[in-house]
Every structure is written in structure tokens, then in C-alpha cells.
1. Going by how many other Cβ atoms sit within 10 Å of their own, how do 285, 399 line up, fewest first?
2. To the nearest 20 debye, what charge dipole does the chain have about its Cα centre, counting +1 at the Cβ of each Lys and Arg and -1 at the Cβ of each Asp and Glu?
3. When only Cα pairs under 8 Å and 6 or more residues apart are kept, what is the percent relative contact order across the chain?
4. Just check the stretch 61-181 against the gyration tensor rule for me: Cα atoms, a ≥ b ≥ c as the square roots of the eigenvalues, rounded for a/c under 1.5, and otherwise prolate or oblate depending on whether a/b exceeds b/c.
5. If one computes P(r) from the Cα atoms of the chain, what percent of pairs lie at distances over 28 Å?
6. Can you list the lysines whose alpha carbon sits under 19 Å from that of residue 335, skipping same-chain ones fewer than 8 residues off?
7. Would you be so kind as to identify which of 333, 320, 352 lies farthest towards the positive end of the dipole of the stretch 304-377, taking Lys and Arg as +1 and Asp and Glu as -1 on Cβ and the Cα centre as origin?
8. Taking the Cα centroid of the stretch 403-438 and of the stretch 35-51, what is the distance between the two, rounded to the nearest whole Å?
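Just so it is clear, none of the values below were taken in a lab; they were calculated from the coordinates. For clarity, every value in this text was computed on a predicted model and none was experimentally measured. All Cβ positions, glycine included, derive from the backbone under ideal geometry; neighbour counts span all protein chains shown.
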Amino acid sequence: MKICCIGAGYVGGPTMAMIALKAPSIEVRVVDMNAARIGAWNSDTLPIYEPGLDDVVRQTRGRNLYFSTDVQGAIKAADIIFVAVNTPTKTYGIGAGRAADLRYIESVARTIAEHANGPKIIVEKSTIPVKTAETIKDILAANTRGHVFEVLSNPEFLAEGTAIADLQAPDRVLIGGERTPGGAVAMQKLVDVYAHWVPRERIITTNLWSSELSKLVANAFLAQRISSINSISALCEATGADVDEVANAIGKDSRIGPKFLKASVGFGGSCFQKDILNLVYLCDHFGLPEVARYWESVVGMNDWQKRRFAAKIVSSLFNTVADKRIAVLGFAFKKDTNDTRESAAISVCRDLLAEQARVVVYDPKVPADEIRVEILGKGRDDPRLTVANSAYEATQGAHALAVATEWDEFKTLDYARIFASMQQPAFVFDGRNILDLPKLRAIGFRASGIGK
């Protein structure tokens, strides 16, 4: 069997590397028109940081895993074609700010139709709205030269920072297809690929539309839990309760469970907000405005939590941060990844800059240029924004430090040293609740966390 994956990003690269590792008899080709990205996959410095990924790629690259810009050749050779291209939220026209932009999905479908030289199984790996398979099938049917295509949905459920572990031992693999003889055969072929290492009882098969919708709903439910506990964090601060104690108490209820009840400055990443907004758009489209407003409130609460964190910094520093140095520790949207998409740190930094603060950012994995572009936009500069090479450099002379990403290294910093180097009174705002606040207060900091 030969597999190709169109799209060498956060989903396509790691997923195909794991398939190549676990199924050495299958030839896997990852293709992308971005030559620089493909060059990085073929180098010693991969384009994404993910614990364990380097080792998997080193074991498989050149054996049965290949990275290339030869999209046409890979399509012709493949039995199964995974589509893992970006589906960003539209920024224009109908559905702007909510609907998924499917231009890349359509482009790939047309490319497959043009270059396919026989029957193919097309697998949606990108996060897409319900009924996208209809679009792909329609384009293929209108442009094919008599070839038969089966379209499957196989959404990813990876968490950045733990993607390799998630791929090695997934909670479930979801495969959706049409309830036809051809669809059943196609689903079985994909089941057989994953069955190289995933127990059969963890491979779920559904109809096409259930699979497409399940991805959006899974992310919406996870984000809903975060927004729920973050809403309670504000109440805890107002009443003197401790949000971690509340979360622990309710998480002991087996009906609720402990996961995704960690209060923070807010969720980020490429999926949660995008998928919820897409769900909102779909609900409105299908005449369900009450359902749409319900899910829209999850995003609204997340945005409010980020604004609330920045506002707390301003109010604590005597209602002004103008010309004050604020160290922001962490810029990735979560630890163990260099992904900054929708990171809470972006919003916090922008709000502080709008208050005329001097913002100094440090992140162990995100390049300085990327930090500047995310906050300011391409080609723009602001002398009040700087990027430091260490946490100690960032906090030197600072009036306050704010933890925006839960990197492990921030737990073990020499805070006595940091305190001695800062302006007094020195403030700590723990946006991830990873620091020992009583210990910091004993050093002399005015320290606060989320929901405490």
C-alpha cells in the first residue's frame, strides 16, 4: 500500500510519521507546495516542535517516510490520499469571522481529480465543517476521467505537546464513510492501516456526517469546560474561594471528572476557537440561533478572561502601566509546543501595549520574529515591545512579571534572584496557576493567580 498526505503541517507531519513507524510495509509520502517547509522536514531542524517527534522522523525518514514537493507524483502513486491542509476561519464575505475558509480543500480536490490515474480513497484529515465531503465528492465527480473515488472522514484528536503519545495510544480513531459497498471497503482499508498498532475496539466507524461533526463537538465540549471553570475563577476571586480547590472537589464526581478543569488566562491553539465559531456558523445556517448563541458564549467567556487578566495587571499596578516594564513569560499557547496560534499571550501583550507599557516577552521555543509578527502584524514595529533570551533578562528591572504559558522551566526559576532585580514593589501574576504563591509572597512579591 502507498499513502500520500497533502499538507505537511502540525497534523500531516506527525500523523504520517507515526503511520510510517508503526506500519513499515506502507510507503508514506508527505507533500506540500511550501518548499521551505519540506526542506525543514528533511533537515535536522523540523518545522514544528513536538516532544518525541524528532526520534520518530529519524527512524522512518528515507526508509518508508518521504517529504517532497512532488504533489502530482504522490497523488498518482497513492492508494490512499490524506488531505491535511489548513482550514482557517474566513476573514471576508459571507460567514466572516465564523465560517471555515475551504479554498485550500477545494484546490486539493481539483488537484487530485486532475492527476489521479485510477481509483483513490480520499481521507479528510483537516478539521472541516459538516458536509464538506459533499463538496469534495462533487468536485471529483465533475472533473474525473472515469475514476472511482471514495471519500472518508478521519478527524485528528491530537493535543499539541502530547501529539506523539496521542498517536501511539489514541483514545479512539474515528473513521466515517458512506454506507455503501464501496464506502465499506474503503473504511476497512483505512481501519487496517490503523490496526497495525491501535486495538480494534478503539477504532470507531460511523457515517460520514457523524464523523465530521464529532471533531467540532469534541473541541467545543473541551473548550466549554475551560470557559466554565474560568467563569468560576472570577467568582472565586470575588468571594475568597480557591478555584483549584473547587475544581478538585467537583472533579472527584465521576460524572464530571478532573480533566480540563484547570483555570487559566484562557485557551488558545488553532482548533478550539476556530471549531466553535464554525459550529456557531453551522447552527445559524441550519436555523438554530439559540444553539449558536450558546456555543458563541464559550468563546466570549474566553475573550473576557484574557481581557480580565490584563486589566488586573493594570489595576494592581496602581491603575497605570504606562512606561512600566512588564515581563511576559511564555508566548506559545501551551507548553511543549512552539505553536502561537490564538495564544492568550497575544491578547495580553496587545492590551498592555495599548496601556503604554513596555512589554518584554520570553518563550523558550518561539522565535523572536514570530512573537513580534503575532503581536504587531507583519512589517510593523513598536519600540515598547522587546523579546528577551531568558526569563532573567526579561524580568531585569521589571515592575511585574506575568506567566502566560505553563512551561516547566518557569516553576524552577530562582525567584529570589528575580525579586532582587525587579522594581519595587514587585508583582507576579500567574496566569497558569503553576507557581507557589505563598513562597513568592514570603520572598516579598505581591503575587496573585487565577481564581485565588
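1. 285, 399
2. 140 debye
3. 12 percent
4. It comes out rounded by the Cα gyration axes.
5. Everything past 28 Å amounts to 55 percent.
6. Here the lysines satisfying the reach criterion relative to residue 335 are 259, 262, 306, 365, 411.
7. 320
8. Cα centroid of the stretch 403-438 versus Cα centroid of the stretch 35-51: 33 Å apart.
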